[in-house]
Amino acid sequence: MRCLISKLAFILFLSLSSGTLFADRVKDLTSLAGVRNNQLVGYGLVVGLSGSGDANLGLTIQSMQAMLSRFGMSTTAAGLSGVNTAAVMVTAELTPFMKPGQQLDVTVSALGGAQSLRGGTLLMTPLLGADGQTYAIAQGNLAVGGLGVEGDDNSSLTVNIPTVGRVPQGATVEKLVETPFLQNEFLVLNLHRNDFSTAAAVAEAVDEIFGDGVAVPLDASSIRIQAPLDPTQRVAFVGLLENVEVEPAAPPAQVIVNSRTGTIIINGNVRVTPAAITHGSMTVRVTEDPIITPQDNVIVTDDAVVATPAAPVVTPDTDIQAEEEIAKAFVFDPGVSLTDIVDAVNAVGATPSDLVAILEGLKVSGALRAQLIIM
């Protein structure tokens, strides 16, 4: 079997040397079924804070009582203070094949009213999996990148997030997560992006290296691989399998529009059937220039004529002007490509919002042969 693996490695080397320049590796397109990360979570206490803890939060006081009871001590809530203690949630990610005794990083996040976890120490915390079993134990000094300070006048300054910290290599694995890697007769590769054509291409590329019938596409997502019967050869086999190069199928034609930022992505498979588009705009200006005519009040008496100022007469005078740009039209011929679309839109000076309107109109009319995705 070792001789067979060596021959396959040599064949794979020759194949990759003469392969296409833009081919992707199987390891970049797929993941091995059953070989994945597992999330762990636990509840614990951080002690040693400099007055930035949870104070008299009931949850923290109760947790402190429970912790002290493990050491044979009994105390009342009135005799405890959580000023230097914080209740926290501890999270970690258990990578595949990690063995008991290996270490992993943990993230510690404040659960109560703690202002900062800087300078604290995480006490021994069991980390549980989705099945409720303990897979790791975490403990250690926190590294906190945030900073928070507060003055007597209630002014404060916060840099980054002081209520979240990490304990590098702070958890020790206590239990192995079983995987089907060594037990199952077949290995299953799952595509990162479901595609029938790519699944068929992966199976074909694997068969070219390892022989007909080794790989069988099951659906648009999965390819079943015949694994070596000898479990000791599986690591070498998967190492060769991951480096098989495949030309993935072209993705479906899509136009993706981010309406918040105005970003528009058009992939190279977008086509437009014959269509004519007119793009233009009109500007209307309204100017108010009222005519003011002064008035006098005239009073005639026996001795004289007296004139006093009166309220002026205001005559409205409105000037309305409309300017319309010459509408710019362009025509899409059959089989128009991405470059043609971009050049035509740039030629008329369309803004991102104009381009969205044009694309939506093409989609409604049936001329745009692509999925229009609005984010």
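The values are calculated or read from the model by the stated rules, or taken from the named source; none is laboratory data. These figures come from a predicted structure and were not determined experimentally. Note: ideal-geometry Cβ built from the backbone for every residue, glycine included; neighbour counts use all protein chains shown.
Worth pointing out:
- Listed by position, the strands (runs of 3 or more DSSP E) enclosed by the range 96-188 that each have at least 2 residues that are at pLDDT 90 or above are 103-110, 121-128, 134-141, 164-173.
- Number of the exception - Lys175 against (1) under 30 Å from the mean Cα position of the chain (by Cα); (2) under 30 Å from Gly120 (Cα atoms): (1)
- The range 53-95, residues that are among the small types (Gly, Ala, Ser), at pLDDT below 90, at negative phi and within 41 Å of the chain's Cα centre (by Cα): Gly53, Gly58, Ser63, Ala66, Ser81, Gly82
- Among the residues of the range 55-84, the ones that are in contact (Cβ under 8 Å) with a residue 40 or more places away in the chain and either part of a helix (DSSP H, G or I) or closer than 17 Å to Leu123 by Cβ (or both) come to 4 in all.
- Number of the condition not met by Ala92 [criteria: (1) more than 21 Å from Gly165 (Cα to Cα); (2) surrounded by 14 or more Cβ atoms within 10 Å (Cβ to Cβ)]: (1)
- Every listed requirement among (1) touching a strand residue (DSSP E or B) at 6+ places or on another chain (Cβ under 9 Å); (2) at pLDDT 70 or above is met by Glu323 save one, (2).
- Count of residues meeting criterion [within 30 Å of Tyr135 (Cβ to Cβ), touching a Leu at 6+ places or on another chain (Cβ under 9 Å) and among the aromatic types (Phe, Trp, Tyr)] in the range 177-215: 1
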